[in-house]
Amino acid sequence: MSLKLKKSYKFAVKSALYITLFATSLLAGLAFLYTIDWQAIVLVFVIVFLFSFLVLQYRVERFIYRRVKKIYDDISLLESSNFRNKSITTDMVTLTRELEKFARDKKIEIETLKIREEYRREFLGNVSHELKTPLFTVQGYILTLLDGAMNDKVLRKKYLQRAEKGVERLIYIVQDLDMITKMEVGDLNLTFTKFNILEVIQNVFDLLEMKADKKGIILMFDMKYIKPIMVYGDKEKIQQVLTNLVVNSIKYGKENGSTEVGIEDLVNNKIIIRVKDNGEGIEQKHIPRLFERFYRVDKSGARTEGGSGLGLAIVKHIIEGHDEKMYVESTFGKGSEFSFTLEKTK
């Protein structure tokens, strides 16, 4: 590692000045007692100052610099990219300031790495759990058939249908994982067009009507909208956002409840779309983590409802891809409201 010396003359200058003043004062005192030419005093002043400065600066560079350089070398082992091209300073104030900054940066970096490691462990555990549940289900049915159940036509059809559902869930999880991976690396591929958001919401209602009927949940608008509401965005991706939000409202909504979608105007040609249910609600401690991959509020019961556990994470990436905002409001035991903004057009 090649390091340049960033010289600091402050210490040597001050020290040399103190020594020179002392020597000159002593010489001036002797001038009152003895006859000494004042030009000689000035000459002595200059000579003593230069000599003291050179000696002190040499000593600083030879001894203090060596110790300072060792500190930089030790630090460079930890973070060579920050210090490789930096010049060394013999100024203790500058050195102290740089070391304190380095210590703060390292502390933040270590804390970030700890959070990422904890997230990685949790994510791997969740992926393992999500995949092994349908895998073991499929394996169980196939092994049962191989053990002799395939001779029973009724049982064979029943078990194959259940195995198929397990395979479908595996495919669903893998597809969502592939999608969110592409989103996280910026491969979202949005196609922006103008479209009527009311039509998209109605399409989602029609698609999920049978699913909602099984729990007696009514899908509805908060009011009757007469005129079309035109927005600018990726129609297919926004429909996916609404589908995921409405599916969640059905999944966690109470039986014979309702899911209500409303649209409000905001400033700067923006609208906000609200998806509100009167289900079980979410405790406040869970809200900051709702959009993490595979994060579930109910670790046991939520999996019985199916799904990949990636729905809200996908929703977040799509909305952020539109440079819009996502909001969550929930009261535990009363229901939840997920909302997002969109650009409004004429």
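The values are calculated or read from the model by the stated rules, or taken from the named source; none is laboratory data. This is a predicted model, so every value here is computed, not measured. Backbone-built Cβ (ideal geometry, glycine too); neighbour counts: all protein chains shown.
Going residue by residue through region 157-171, is there one that turns out to be within 27 Å of the chain's Cα centre (by Cα) and among the β-branched types (Val, Ile, Thr)? Within region 157-171, none of the residues are within 27 Å of the chain's Cα centre (by Cα) and among the β-branched types (Val, Ile, Thr). Every test in (1) touching a residue at least 24 places away in the same chain (Cβ under 8 Å); (2) among the hydrophobic types (A, V, I, L, M, F, W, C); (3) more than 20 Å from GLU324 (Cβ to Cβ) is passed by ILE263 save one, and that test is (3). Filtering LYS251, LYS211 for residues that are modelled with pLDDT under 90, under 21 Å from THR331 (Cβ atoms), surrounded by 13 or more Cβ atoms within 10 Å (Cβ to Cβ) and not small (Gly, Ala, Ser) leaves a single hit, LYS251.
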